[in-house]
1. Which residue pairs have Cβ atoms closer than 7 Å, lie 6 or more positions apart in sequence or on different chains, and pair a first residue in region 22-36 that is at positive phi with a second residue that is of a type outside the set (Ser, Thr, Tyr) and surrounded by 10 or more Cβ atoms within 10 Å (Cβ to Cβ)?
2. List pairs: first in region 50-65 and under 22 Å from Thr99 (Cα atoms) and in a helix (DSSP H, G or I), second modelled with pLDDT under 85 and polar (S, T, N, Q), Cβ under 9 Å, 6+ apart or cross-chain?
Amino acid sequence: MSTTANPIATHHLPFFITPPGQTDVLYNITMIFVIAMIVLTGVIFLTIHSLPERMAHKTKKIQLDIVAVLGLLALLTNEHILWLAALLLAYIDFPDFITPITRIAKATEAIAGQEETPSTEPETPEHGPPKIVPAEQLAKDKKGAVHA
């Protein structure tokens with residue numbers, strides 16, 4: 001087989017035309033570029049999807065768990081309204097309702113004279129694990145017991 005060019009072909013070929021049997025450099029560069037762009041697009045997509053969660057985490061929001069779940073659901077279901085809801089929840093500061101109500105309750109108790117006194121007995125749980133009794137103690141308790 002002859003490697004001479006066809007007589008009707010142009011003598012000046014562009015740089016991207018590869019001679020037979022050699023590596024196609026432009027193809028390799030293009031494949032590396034395409035793979036890098038796919039990875040970069042994925043990283044940007046995941047970074048944008050985690051934006052509401054990172055914002056809520058930085059500001060120590062109460063609703064951090066809700067924002068995290070909404071962001072994860074938006075990522076897995078591709079529902080953009082969930083991501084938008086997570087973003088809005090990350091921006092909103094919920095007011096603290098518990099502290100003023102607790103202070104009002106304590107002030108009302110102080111006015112009524114019902115100050116809470118700490119008890120000296122430790123509180124025992126109603127449903128706890130059974131007590132462990134040594135075998136000697138159990139035998140001693142049964143020795144004096146009368147069976148009917």
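1. Sorted first by the residue in region 22-36, then by its partner, the list stays empty.
2. The qualifying pairs are Ala56/Gln63.
The values are calculated or read from the model by the stated rules, or taken from the named source; none is laboratory data. These numbers come from a predicted model, not from an experiment. Here Cβ is always computed from backbone atoms with ideal geometry, including for glycine, and neighbour counts include all displayed protein chains.
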